[in-house]
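Working notes, beginning with the structure itself.
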């Protein structure tokens, strides 16, 4: 490592290397070797010390065995929390820093409060990192980075006196001089909370042996600065989040796990949110009754309480984005990004908060409609690190960002726009279960909002199209709650097709839950309405369902009547799907009566139909029935055949 202190002492005297050599009676090349890092002989060390009136340390004369890295005093102190849940991630980055020969560039990007700075601090305190580098420089930047001030402070670390640098008035000259001092030395330069690429590059002043760690909220800045070294810092998982909370508030050991999980969920795995919550809970519970802890937990489940929960910061630990002395909170940190947005992007952010937060996602199409914004506004929010991309054409909003947006006068019309968007979407895609699964939380949110806003028709239209999906997924209680609401609304909406559909879905829910009497009542009401409207396919559907549930109740004669009536109508309207369903119902009824040969005939006829119309799902069900029928008849080979076929 170059002896910068010796060189600075010489320049302060206004001497050249030849001048110093002449005073010491040595050759100029000897002085040059000393400044390049060769340790002078003891005799010459004493001569130089007397000449410049400085001690050995002030002149950089430290034996190799005693040399220590140059550590920036502005490196924040290491917290005991730094690596909880981040050990493996930090270790991976450390290995890159100390093992790769050429200059390593790493840029952490992620949400405000996700722990980017904490990881950088932990790396700067790592023994292996300090042993590998000749020094570590730290720059807290923020939105309005004082680049000249940072360069000036770094210069003093290298012993560059104010007198010697009095003419260095421009950042380019400062940077050039520092680059010359660092030369081929190995320095780790940490640029914390970068907002401007030009400022970051202005501090990128080391040689090829230097490494850089940059932290930023802005994904594009990270990518431009570090290319493949750009690294997304994600939120903590549930287990790590619980560990962090319990470490900060040991009193939570007496709290049930489900409550702790609720705290973790509303914090969204964000380390800052968890840290503020944990410290608050510990302070509230310390040597106080358990009820204080419980009431404090209940307060933290409220978004406003979490947003404005704050802690003071020491001078040397102040966040670069906040004024010195400002308390640290989720509200103040997110506001820094929000205040830099243009009005259209701000409005879009508040509108997008109507969607459920992460891990839920929403499509670009939905975002544009609900936020009434342009693609450029979405790009602005993504570039600001507030809106996260989640696969092709989809986005997600973190819990804390959503909480912030909702707390800042959310656009009331975005709620109505979400409901209006979901109605035709569900109706158009009601059989596309994969798509409905992807949009499930958004659709359920629209349902709740439609109910709250009193939009009865929209509510009924959504649930009548969405109910089959909920039933397929086994979400019977969820479907029942919404359908019972719709049952009350159809009297107001007075749209016959929706009323008929509502009765059918309610009957299906009751049937799935084994409430056959209740299911029968719903089906009979729906059948009466369908007959009044001469909706023949609906009539077939209700007669088929009534056949099923009546058979389940053991009323085989009545079940046979329903199924036979339905089959006659299905034959009349030439509906193959209902013909197969009703033949299957008749087969089940015959099986239960012990009429196995007749049942087999019904099943075989139904099987022929479903194979002709390529209804694979119904084919499998009929093959199962045929297998059971063969077993009842003692035909084991045939039973095995049908089992293999399905």
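The values are calculated or read from the model by the stated rules, or taken from the named source; none is laboratory data. Predicted model only: the values in this text are computed from it and were never measured. Positions of Cβ are generated from backbone atoms using ideal geometry, with glycine treated the same way; all protein chains shown enter the neighbour counts.
If you go through segment 250-283 and keep only what is free of Cβ contacts under 8 Å to residues at least 40 places away in the same chain and assigned to a loop (DSSP other than H, G, I, E, B), you end up with 256, 269. Taken over segment 589-614, the criterion of being closer than 18 Å to residue 545 by Cβ and either more than 50 Å from the chain's Cα centre (by Cα) or modelled with pLDDT of 90 or more (or both) is satisfied by 589, 592, 602.
Suppose the filter is touching a residue at least 60 places away in the same chain (Cβ under 8 Å) and either part of a helix (DSSP H, G or I) or more than 24 Å from residue 269 (Cβ to Cβ) (or both); does residue 368 pass it? No.
Do we find a residue being at pLDDT 95 or above, touching a strand residue (DSSP E or B) at 6+ places or on another chain (Cβ under 8 Å), in a helix (DSSP H, G or I) and on the phi < 0 side of the Ramachandran plot anywhere in segment 350-360? Yes: segment 350-360 contains one or more residues that are at pLDDT 95 or above, touching a strand residue (DSSP E or B) at 6+ places or on another chain (Cβ under 8 Å), in a helix (DSSP H, G or I) and on the phi < 0 side of the Ramachandran plot. Against the criterion of being out of contact with any strand residue (DSSP E or B) (no Cβ under 7 Å at 6 or more places or on another chain) and either modelled with pLDDT under 95 or not in a helix (DSSP H, G or I) (or both), residue 214 does not qualify. Once segment 35-44 is narrowed to residues that are out of contact with any helix residue (DSSP H, G or I) (no Cβ under 6 Å at 6 or more places or on another chain) and crowded, with 16+ Cβ neighbours inside 10 Å, the residue that is nearest to residue 187 (Cα to Cα) is 37. If you go through segment 136-166 and keep only what is modelled with pLDDT of 90 or more and outside any helix (DSSP H, G or I), you end up with 136, 137, 138, 139, 140, 141, 142, 143, 144, 145, 146. Being part of a helix (DSSP H, G or I) and within 19 Å of residue 512 (Cα to Cα) is a property that residue 585 has.
Restricting 363, 296, 357 to residues that are closer than 19 Å to residue 233 by Cα and crowded, with 16+ Cβ neighbours inside 10 Å narrows the list to 357.
Just one of (1) in contact with a helix residue (DSSP H, G or I) (Cβ under 9 Å, 6 or more places away or on another chain); (2) assigned to a helix (DSSP H, G or I); (3) within 28 Å of residue 576 (Cβ to Cβ) fails for residue 517. It is (3). Taking (1) surrounded by fewer than 18 Cβ atoms within 10 Å (Cβ to Cβ); (2) touching a residue at least 40 places away in the same chain (Cβ under 8 Å) in turn, residue 545 satisfies each apart from (1).
Taken as a whole, segment 402-412 holds no residue that is closer than 22 Å to residue 221 by Cα and either in a helix (DSSP H, G or I) or under 20 Å from the mean Cα position of the chain (by Cα) (or both). Looking across segment 217-241 at every residue that is in contact with a strand residue (DSSP E or B) (Cβ under 6 Å, 6 or more places away or on another chain) and more than 19 Å from residue 334 (Cα to Cα), the one that is surrounded by the most Cβ atoms within 10 Å (Cβ to Cβ) is identified as 225.
Highlighted here are the helices (runs of 4 or more DSSP H) found entirely within segment 1-99 that include at least 3 residues which are closer than 17 Å to residue 130 by Cα and modelled with pLDDT of 90 or more: 87-99.
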